[in-house]
Amino acid sequence: MEKKKVALPLVCHGHSRPVVDLFYSPITPDGYFLISASKDSTPMLRNGETGDWIGTFEGHKGAVWSSCLDTNALRAASASADFSTKLWDALTGDELHSFEHKHIVRACAFSEDTHHLLTGGVEKILRIFDLNRLDAAPREVDNSPGSVRTVAWLHSDQTILSSCSDTSGVRLWDLRSGKIVQTLESKSPVTSAEVSQDGRYITTADGSTVKFWDSNHFELVKSYDMPCNVESASLEPKHGNKFIAGGEDMWVHVFDFHTGKELGCNKGHHGPIHCVRFAPGGESYASGSEDGTIRIWLTSPVSREESDAVPGNAPNPKVKAVADEVTRKIKSSLHIGTA
C-alpha cells in the first residue's frame, strides 16, 4: 500500500480547563522547555521535545492567562485573574515572589537580559518590575488605550510592544522616552503578537488576518487572509519559510510564508485553538485548545502506512530517545509540586 504522510501529534493531557497560552524557552544545555497557561490556575512545565510533564506551579487562585520562561529557563512567570503575576523557580517549582496588581493580569514577558519582567492587563497599565529588586516599585508605562492583551520585548530590551483586547492595533513604546513611537494598524483587536527568534519580524493575528511586520522599520511585509478567525500565529524560526495559525475552526493550518499558500492542515483538537507556537529549532510546533489539551506536531510529518493503527500521541522514536535522557537529567534535580 502506498505510504501517506500523516500528522501524528503528541497529545499532552493534564490541564482540566482550556489552555490559553504557550511559551517555548530558547534551547539550553538541558534542551528546551514548554510552559502552558490555563484557566485551571496551574501553569505546567514540559519537556519541549516530547511534551513529557515535568512539573506544575501551584499557588494562583484564578485563571492563568499567560506564562513564560526566562532566556535560561531557570525562572518562570505567570499572569493571572487573581490580580497577580507570580515569579517561580523553574527548577524547584517554588514561588519566588508575587507581584500584586489591582485587576486581572493578562500578559507577562521576561526581558532578553532576564533582569526585568513586563506585565499588562485590565488596568491599562504596562508595568516593568526589576527582578534584582523584587520589593521595589515597578516602572509604569500607562496611556494604553485599552485592556492589555499581549506584551513583548524587542530591540535588545529598548522597545516593548502591546496589543489590547478591545482596541485594534499594536503599539510600540520606546522605553527611553516612555512614549508610543509607532502603531501597527489592524482592523480587529490583535490577539497574538510574536517577535521572531532572529528579531526581524513581528507576527500578528487579528480577526481572520495574519500579518508580518518589519520589526526595525515597522513596515508591513506580508498580509494573508485566513480561512477562519484565528487567535494565534507563529513564524517558523529556523528558515522563516512557513507559518502556522489556529483559531475557531479547531484546526492548525500551515502556510507558505512567501506565497500564503496552505501547505497542510492538522486536525485533532475538539475545541477552538487559543495559541500556536513553533519550537525554537523549528522541528515541531505546539497548539493549545479550549479542549484542555496541548498537541505537539512535527513540522515534517512521519511517513506511515495509511492502514497502520497509530495512537494520537505516538512520538517520533529518534526525538523520544534523546528527550528521555534530557528529562531523566532534569527530573533528577527537580522537585516541582505534583497536582
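The values are calculated or read from the model by the stated rules, or taken from the named source; none is laboratory data. All figures in this text were calculated on a predicted structure; none of them were measured in a lab. For neighbour counting, all protein chains shown are included, and Cβ atoms are generated from backbone atoms with ideal geometry for every residue, glycine included. Heads up: the accessible areas ignore ligands, DNA and RNA and are worked out on the full protein's heavy atoms, side chains in. Shrake-Rupley method; radii C 1.70, N 1.55, O 1.52, S 1.80 Å.
Taking the stated definitions as given, is D113 in contact with a Lys or Arg (Cβ under 8 Å, 6 or more places away or on another chain) and among the acidic types (D, E)? Judged against the criteria, D113 is not a match. When the criteria are applied in full, K261 fails the requirement of being touching a Gly at 6+ places or on another chain (Cβ under 9 Å), open to solvent by 10 Å² or more (accessible area, probe 1.4 Å) and closer than 26 Å to S289 by Cβ. In the range 271-281, is there at least one residue being open to solvent by less than 20 Å² (accessible area, probe 1.4 Å), over 24 Å from S25 (Cα atoms) and not β-branched (V, I, T)? Yes: one or more hits.
Every residue in the range 42-54 that is outside any loop (DSSP other than H, G, I, E, B) and open to solvent by 30 Å² or more (accessible area, probe 1.4 Å), please.
Within the range 42-54, the subset outside any loop (DSSP other than H, G, I, E, B) is 44-47, 53-54.
Selection gives W53 alone.
All conditions in (1) assigned to a loop (DSSP other than H, G, I, E, B); (2) touching a strand residue (DSSP E or B) at 6+ places or on another chain (Cβ under 6 Å); (3) within 16 Å of H15 (Cα to Cα) hold for A73, with the sole exception of (3).
On the given criteria, is A193 touching an Asp or Glu at 6+ places or on another chain (Cβ under 7 Å), open to solvent by less than 20 Å² (accessible area, probe 1.4 Å) and either without any contact (Cβ under 8 Å) to a residue 40 or more places away in the chain or not β-branched (V, I, T) (or both)? So A193 fails the test. Within the set D113, D142, D89, the sole residue that is surrounded by fewer than 21 Cβ atoms within 10 Å (Cβ to Cβ) and either of a type in the set (G, A, S) or over 22 Å from L161 (Cα atoms) (or both) turns out to be D89. Scanning the range 243-286 for residues that are in a strand (DSSP E or B) and either among the small types (G, A, S) or under 15 Å from G48 (Cβ atoms) (or both) turns up A245, G246, G247, G264, C275, V276, R277, F278, S284, Y285, A286. Taking the criterion of being free of Cβ contacts under 8 Å to residues at least 60 places away in the same chain and more than 20 Å from T299 (Cβ to Cβ), the residues of the range 196-215 that qualify are G199, I202, T204, D206, G207, S208, T209, K211, W213, D214. Any residue that is part of a loop (DSSP other than H, G, I, E, B) and of a type in the set (S, T, N, Q) - is there at least one of those in the range 60-67? No, the range 60-67 contains no residue that is part of a loop (DSSP other than H, G, I, E, B) and of a type in the set (S, T, N, Q). For the range 55-67, the set of residues classified as aliphatic (A, V, I, L, M) and open to solvent by less than 10 Å² (accessible area, probe 1.4 Å) consists of V64 only. Can you confirm whether the range 7-17 contains a residue that is modelled with pLDDT of 95 or more, surrounded by fewer than 21 Cβ atoms within 10 Å (Cβ to Cβ) and touching an Asp or Glu at 6+ places or on another chain (Cβ under 6 Å)? Checked against the condition, which is being modelled with pLDDT of 95 or more, surrounded by fewer than 21 Cβ atoms within 10 Å (Cβ to Cβ) and touching an Asp or Glu at 6+ places or on another chain (Cβ under 6 Å), the range 7-17 yields at least one hit.
Checking every residue in the range 73-86 against the condition of being surrounded by fewer than 24 Cβ atoms within 10 Å (Cβ to Cβ), at pLDDT 95 or above, out of contact with any Ser or Thr (no Cβ under 9 Å at 6 or more places or on another chain) and over 27 Å from E248 (Cα atoms) gives at least one match.
May I ask you to verify whether K39 is out of contact with any Asp or Glu (no Cβ under 9 Å at 6 or more places or on another chain), modelled with pLDDT of 95 or more, surrounded by fewer than 23 Cβ atoms within 10 Å (Cβ to Cβ) and of a type outside the set (V, I, T)? Steps first, please.
Numbers: out of contact with any Asp or Glu (no Cβ under 9 Å at 6 or more places or on another chain): yes; modelled with pLDDT of 95 or more: yes; surrounded by fewer than 23 Cβ atoms within 10 Å (Cβ to Cβ): yes; of a type outside the set (V, I, T): yes.
Criteria met by K39.
Evaluated against (1) over 14 Å from the mean Cα position of the chain (by Cα); (2) surrounded by fewer than 24 Cβ atoms within 10 Å (Cβ to Cβ); (3) of a type outside the set (V, I, T), P26 falls short on exactly one condition, (1). The set of residues from the range 221-264 being acidic (D, E) and touching a residue at least 40 places away in the same chain (Cβ under 8 Å) comprises E231, E236.
Looking only at residues of the range 165-190 that are without any contact (Cβ under 8 Å) to a residue 24 or more places away in the chain and among the charged types (D, E, K, R), we find that the one that is surrounded by the most Cβ atoms within 10 Å (Cβ to Cβ) is D174.
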